[in-house]
Amino acid sequence: MTPMENTPFRLALVNLCEDAYGYGAGAAEYLEAAVRSAPELRDRVDVRIFFLQGSTAEQAAETVLAWSPDLVGFSAYSWNLAITGETSRIMRRLAPERPIVWGGCSFLHLRQRHDWFEWWDAVDAVVVGYGELTLIELLGRLLERPGRRTASQLAPGLVTQVDGVVRSGPPGRQPMCSDQIPSPYLLGSARHVPRPYVEMARGCVFNCTFCSDAKSSRQIPFLHHPADRIAAEIAHIVAWPEAEWIDAGASTANVSDQAFLDVCEAIRRGDPNQRLQYSFQLYPSLVRPGHRDALQGIRIGKHLIGLQSLSPATFAPMRRGSRLEHLRRAVDLLAGTGPIHVSVILGLPGETLASFAQMMDLLVEIEPLRISVHRLLVLPGTQMHTQSEALGLKFDPKLFYRATQSSSMSNDDLRAAQELVMEHGRRSDRAGGDRFRIDWTNFDIQRKAFDPPIPEDANSVE
């Protein structure tokens with residue numbers, strides 16, 4: 001065997017997150033775990049994750065290329081598409097033969113609609129769907145025949161551009177059970193951070209058009225991890241000195257009663273001394289009396305109830321609907337278990353300035369509810385993005401695809417609604433007591449998040 005054949009193949013996984021959002025590098029860590037767990041690759045591929053949040057495109061490109069990778073993979077999402085594209089173009093100029101592949105939830109509908117994608121000059125291929133098994137197959141091909149040409153071939157799970165025409169390979173293999181999704185926590189490869197994300201499930205049984213986890217956006221059914229795996233992952237994190245809070249990672253933690261019970265049981269087993277705090281995202285109409293009992297023995301940092309809108313005119317465009325009685329019932333059932341937040345979206349098709357104002361007036365009367373208002377982001381990878389013209393939506397890609405107009409609200413209406421929310425916030429602040437009871441994101445004027453700070457003695461348990 002020649003010295004070149006003895007040299008491991010170098011895979012660089014790059015994460016460029018915008019400071020405004022600060023998401024972690026979970027996807028890259030799961031990809032790394034998949035490669036390290038593949039018997040045919042673990043001794044032949046050297047994987048390195050580059051955490052480059054806050055770097056300029058020039059700095060990021062130079063840092064990655066200094067390692068001389070054989071393949072560069074980017075975790076590209078709506079909040080970092082611009083800097084990922086700029087970095088990729090610099091790398092293409094400096095190292096034109098280096099294969100570059102993107103992946104992430106922004107590309108789930110790329111086969112159906114790709115007119116928005118403007119980076120084919122810098123990207124050899126884009127992964128559609130979950131990337132673990134697609135990456136393993138692509139690495140196998142590159143090990144046999146390295147180079148850009150191999151990376152851009154229509155392997156399963158890839159979309160590419162050939163002679164100006166966008167072409168799709170067959171759907172990639174997707175994990176159908178948890179055993180096919182190696183855990184970076186159980187492998188000991190996850191980066192230690194104060195607030196890690198633990199994947200409790202993949203996919204969703206719902207089909208909300210604003211969400212990239214919607215059933216139609218995924219190639220596999222709802223895949224829930226077993227309690228034994230979740231408990232083991234949590235136990236690993238509890239041992240980290242840095243760990244403070246775990247986000248129970250699923251679009252809807254209570255998507256089924258059994259799923260919720262399994263997650264709660266796993267948390268109690270993995271963190272019996274309640275060292276960490278936990279947050280859950282909940283579908284309001286599915287909160288049950290038994291969920292309150294399931295939460296016993298868990299330190300709840302936040303319940304986030306996804307209401308989104310109370311206007312019936314929005315229910316069809318977003319393919320979901322919750323009523324005020326669902327929210328009130330959920331708040332009553334969860335009262336006393338931990339801080340309760342409700343999220344609503346400003347700018348949904350069908351919402352008017354009047355209906356939005358009426359909803360806010362109703363929500364502020366519900367104590368001790370905390371209200372978080374998100375201006376709609378028409379995210380690539382969602383049905384709402386693919387169908388934006390039909391829904392009367394306009395948006396600004398330079399502002400993370402923030403909606404600037406809907407079929408029922410002009411940009412002036414959206415700005416007036418923002419001011420209405422901020423005025424409710426000012427009134428709440430003047431009233432004293434629970435500051436920042438009303439929060440907002442993606443507005444023209446940002447506000448500091450109102451997650452309560454973790455007390456200095458949080459790690460001491462009586």
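Residue check: Trp67 meets all listed conditions (1) surrounded by fewer than 16 Cβ atoms within 10 Å (Cβ to Cβ); (2) in contact with a Gly (Cβ under 9 Å, 6 or more places away or on another chain); (3) hydrophobic (A, V, I, L, M, F, W, C) but one, namely (2). Of all residues in the stretch 356-400, those satisfying the criterion of being in contact with a Ser or Thr (Cβ under 8 Å, 6 or more places away or on another chain), part of a loop (DSSP other than H, G, I, E, B) and either of a type outside the set (Val, Ile, Thr) or under 15 Å from Ser309 (Cα atoms) (or both) are Val364, Leu376, Leu379, Pro380, Gly381, Gln387, Leu391, Gly392, Leu393, Phe400. Among residues that are more than 25 Å from the chain's Cα centre (by Cα) and modelled with pLDDT of 95 or more, Ser343 is not included. Scanning the stretch 84-109 for residues that are more than 16 Å from Arg10 (Cβ to Cβ), touching a Ser or Thr at 6+ places or on another chain (Cβ under 8 Å) and either surrounded by fewer than 18 Cβ atoms within 10 Å (Cβ to Cβ) or not hydroxyl-bearing (Ser, Thr, Tyr) (or both) gives Trp102, Gly103, Gly104, Cys105, Leu108, His109.
Close contacts from the stretch 182-199, counting a first residue that is acidic (Asp, Glu) and a second that is surrounded by 15 or more Cβ atoms within 10 Å (Cβ to Cβ) and outside any loop (DSSP other than H, G, I, E, B), with Cβ to Cβ under 6 Å and a gap of 6+ residues or different chains, come to Glu199/Gly249.
Checking each residue in the stretch 298-334 for being buried (at least 18 other Cβ atoms within 10 Å of the Cβ) and among the small types (Gly, Ala, Ser) picks out Gly301, Gly306, Ser309, Ser311, Ser322, Ala330. Within the stretch 154-206, can you find the residues that are among the small types (Gly, Ala, Ser), out of contact with any helix residue (DSSP H, G or I) (no Cβ under 8 Å at 6 or more places or on another chain) and loosely packed, with under 15 Cβ neighbours inside 10 Å? Across the stretch 154-206, the qualifying residue is only Gly164. Phe443 fulfils the conditions (1) surrounded by 19 or more Cβ atoms within 10 Å (Cβ to Cβ); (2) under 28 Å from Cys105 (Cβ atoms); (3) at pLDDT 95 or above except for a single criterion, (3).
If you scan the stretch 358-375, which residues turn out to be under 18 Å from Asn442 (Cα atoms) and touching a Leu at 6+ places or on another chain (Cβ under 6 Å)? Within the stretch 358-375, Ile371, Val373, Arg375 meet the criteria.
Per the listing Glu325, Glu365, Glu351, the residue uniquely among the charged types (D, E, K, R) and modelled with pLDDT under 95 is Glu365.
Every condition in (1) modelled with pLDDT under 95; (2) farther than 30 Å from Phe107 by Cβ is met by Lys398 except one, and the failing one is (2).
Condition check ((1) closer than 28 Å to Ser212 by Cα; (2) buried (at least 21 other Cβ atoms within 10 Å of the Cβ); (3) of a type in the set (D, E, K, R)) across all residues:
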| residue | (1), (2), (3) |
| --- | --- |
| Leu363 | yes, no, no |
| His374 | yes, no, no |
| Leu377 | yes, yes, no |
| Gly392 | yes, no, no |
| Leu399 | yes, no, no |
| Thr404 | yes, no, no |
| Asn411 | yes, no, no |
| Glu419 | no, no, yes |
| Asp429 | no, no, yes |
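The values are calculated or read from the model by the stated rules, or taken from the named source; none is laboratory data. All figures in this text were calculated on a predicted structure; none of them were measured in a lab. Cβ: placed from backbone, ideal geometry, glycine included. Neighbour counts: every protein chain shown.
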